[in-house]
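A.B. asks: So that we are looking at the same thing, I have put the structure below in structure tokens.
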Amino acid sequence: MDVLFISIILAIFCSSIEGVKPKIQNALVYLSQYGYLEPNAMGNSSLVNGKTFKKSIKEFQSFAGIPTTGKLDKLTMKMMSEPRCGMKDTTGRSKRQKRFAIQGSRWKTKQLTYKISKYSSKLGREEIDTNIQKAFNLWSKYTDLTFEPSSRGKIDIRFEERQHGDGDAFDGPGGTLAHAYFPQYGGATHFDESEPWMIGAGSGIDLYQVAAHEFGHALGLSHSDRKDALMAPFYKRSWTNDLYDDDIQGIQRLYGGKSGGTPATPPEAPAAPPPKTPPPRRNRPRLPGGWFFPRRRWIIRTRRRWYFPQGNRRVFYG
Ligand SMILES: [Zn+2]
Ligand SMILES: [Zn+2]
């Protein structure tokens with residue numbers, strides 16, 4: 001960033017510091033975190049004008065299956081406050097049919113192993129073991145994938161709090177519940193230890209459901225914009241304890257159907273080559289309700305535009 005650019009930004013900042021409502025700030029951060037606002041190619045900033053902001057809200061509303069008003073109405077704010085997966089809601093969303101999305105990588109073997117390296121203090125070890133295996137079994141039910149616990153397991157599972165070494169801090173109770181890495185990055189799956197983990201429906205967060213969803217990512221699925229998919233990003237207050245048609249179609253597209261069972265859909269064209277190094281993930285900034293400078297991230301508003309530069313550490317997630 002050159003001196004002139006910094007001067008311009010500072011001048012704009014000093015002349016326009018008040019006036020952004022916390023709800024707009026929060027929405028900007030949410031939309032950016034979950035993939036609805038992209039940084040532009042100039043430096044590491046993005047310029048968010050009213051039109052772009054409205055468009056991104058509409059895209060979120062469409063993904064979330066609520067009326068696409070383009071406004072930060074009550075329902076939209078409510079959806080933004082729902083507990084959810086930390087992965088982005090990727091896209092190609094504009095005109096595609098509502099359905100599953102494939103990230104672009106998959107495991108070459110169908111015999112997968114996993115290990116739970118760090119347990120939660122909220123549940124018993126045995127309870128966690130059982131439900132992690134059950135969550136994997138849901139994906140085995142419709143494919144020939146198998147999952148075995150092993151001390152040298154490929155898919156590493158951990159319960160972690162706040163910063164935990166991968167550049168994507170958890171945010172405490174509520175908000176983000178978990179995140180996972182796609183096959184090309186090893187499939188590691190992290191759960192936010194701050195959540196009130198439990199098994200089954202209730203006032204807490206059902207580990208079985210969240211694990212089943214995250215393992216969908218670890219196997220190569222991105223978020224679905226079908227409300228009735230397990231791979232939809234939001235936590236389900238009620239769940240059928242099974243995959244939905246959309247999830248089954250997605251996983252069978254990647255790994256084929258169950259031998260002698262449900263028919264496989266044809267394999268997809270070869271996936272795009274993965275980037276050479278995994279782009280690190282970034283943290284979710286916490287907004288105190290005023291102006292903020294968490295690391296290299298800040299928001300500035302002029303009369304008509306929001307300037308929303310972000311760190312170099314761009315998220316790749318879907
Ligand atoms: Zn997810
Ligand atoms: Zn993590």
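A.B. asks: The conditions are (1) open to solvent by less than 10 Å² (accessible area, probe 1.4 Å); (2) within 12 Å of ligand 1 (Cβ to nearest atom); (3) under 28 Å from ARG152 (Cα atoms), and ASP192 fails exactly one of them. Which is it?
C.D. replies: It is condition (2) that ASP192 fails.
A.B. asks: Another one. Quick check, is ASP206 away from ligand 2 (no atom under 12 Å from the Cβ), crowded, with 18+ Cβ neighbours inside 10 Å and under 22 Å from ASP246 (Cα atoms)?
C.D. replies: On the way: away from ligand 2 (no atom under 12 Å from the Cβ): yes; crowded, with 18+ Cβ neighbours inside 10 Å: yes; under 22 Å from ASP246 (Cα atoms): yes.
The answer is yes for ASP206.
A.B. asks: Just checking, which of ALA229, ALA201, ALA272 is at pLDDT below 95, more than 30 Å from ARG125 (Cβ to Cβ) and of a type in the set (Gly, Ala, Ser)? Even if it seems obvious, please write down each step before you answer.
C.D. replies: Details: ALA229 fails: at pLDDT below 95; ALA201 fails: more than 30 Å from ARG125 (Cβ to Cβ).
Criteria check complete, one pass: ALA272.
A.B. asks: So, one more: Could you list, in sequence order, all residues of segment 15-42 that are in a loop (DSSP other than H, G, I, E, B), open to solvent by 70 Å² or more (accessible area, probe 1.4 Å) and either over 25 Å from PHE100 (Cα atoms) or modelled with pLDDT of 90 or more (or both)?
C.D. replies: Step one: filter segment 15-42 for residues in a loop (DSSP other than H, G, I, E, B), giving 16-21, 34-42.
Now drop any that are not open to solvent by 70 Å² or more (accessible area, probe 1.4 Å), which leaves 18, 21, 38, 41-42.
Of everything in segment 15-42, those that are in a loop (DSSP other than H, G, I, E, B), open to solvent by 70 Å² or more (accessible area, probe 1.4 Å) and either over 25 Å from PHE100 (Cα atoms) or modelled with pLDDT of 90 or more (or both) turn out to be GLU18, LYS21, ALA41, MET42.
A.B. asks: Something else about it: Identify the single condition in (1) open to solvent by less than 60 Å² (accessible area, probe 1.4 Å); (2) closer than 26 Å to ALA229 by Cβ; (3) in contact with an Asp or Glu (Cβ under 7 Å, 6 or more places away or on another chain) that LYS98 does not satisfy, given that it satisfies every other one.
C.D. replies: (1)
Each row is one residue, and each column tells you yes or no for (1) over 21 Å from GLY200 (Cβ atoms); (2) without any contact (Cβ under 8 Å) to a residue 40 or more places away in the chain; (3) open to solvent by 70 Å² or more (accessible area, probe 1.4 Å).
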| site | (1), (2), (3) |
| --- | --- |
| LYS78 | yes, yes, yes |
| LEU123 | no, no, no |
| ALA135 | no, no, no |
| THR146 | yes, yes, no |
| SER151 | yes, yes, yes |
| LYS154 | yes, no, yes |
| GLU161 | yes, yes, yes |
| ASP166 | yes, no, no |
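A.B. asks: Another one. Checking TRP139 against (1) in a loop (DSSP other than H, G, I, E, B); (2) crowded, with 17+ Cβ neighbours inside 10 Å, which single condition isn't satisfied?
C.D. replies: Condition not satisfied by TRP139: (1).
A.B. asks: Against the condition touching a residue at least 60 places away in the same chain (Cβ under 8 Å) and not in a helix (DSSP H, G or I), how does SER117 come out, does it pass? Even if it seems obvious, please write down each step before you answer.
C.D. replies: Working: touching a residue at least 60 places away in the same chain (Cβ under 8 Å): no; not in a helix (DSSP H, G or I): yes.
Taking the combined requirement at face value, the residue does not satisfy it.
A.B. asks: Residues of segment 177-189 being open to solvent by 10 Å² or more (accessible area, probe 1.4 Å) and within 14 Å of ligand 2 (Cβ to nearest atom), which ones?
C.D. replies: The initial filter retains those residues of segment 177-189 that are open to solvent by 10 Å² or more (accessible area, probe 1.4 Å), namely 181, 183-186, 188.
Answer for segment 177-189, where residues must be open to solvent by 10 Å² or more (accessible area, probe 1.4 Å) and within 14 Å of ligand 2 (Cβ to nearest atom): TYR181, TYR185, GLY186, ALA188.
A.B. asks: Considering segment 63-75 alone, what residues qualify as being assigned to a helix (DSSP H, G or I) and either touching a residue at least 24 places away in the same chain (Cβ under 8 Å) or within 16 Å of ligand 2 (Cβ to nearest atom) (or both)? Break it down into steps so the answer makes sense when it comes.
C.D. replies: Filtering segment 63-75 for residues assigned to a helix (DSSP H, G or I) gives 63-64, 74-75.
Answer for segment 63-75, where residues must be assigned to a helix (DSSP H, G or I) and either touching a residue at least 24 places away in the same chain (Cβ under 8 Å) or within 16 Å of ligand 2 (Cβ to nearest atom) (or both): PHE63, ALA64.
A.B. asks: From LYS134, LYS55, which residue is of a type outside the set (A, V, I, L, M, F, W, C), more than 16 Å from ligand 2 (Cβ to nearest atom), part of a helix (DSSP H, G or I) and assigned by TED's automatic domain parsing to the domain that holds ASN241?
C.D. replies: Values: LYS55 fails: assigned by TED's automatic domain parsing to the domain that holds ASN241.
Only one candidate passes the filter, namely LYS134.
The values are calculated or read from the model by the stated rules, or taken from the named source; none is laboratory data. Keep in mind the model is a prediction, meaning the values are calculated, not measured. A quick note on method: Cβ atoms are made from the backbone with ideal geometry, for glycine too, and the neighbour counts reach across all protein chains shown. Heavy atoms of the whole protein, side chains included, go into the accessibility calculation; ligands, DNA and RNA do not. Shrake-Rupley method; radii C 1.70, N 1.55, O 1.52, S 1.80 Å.
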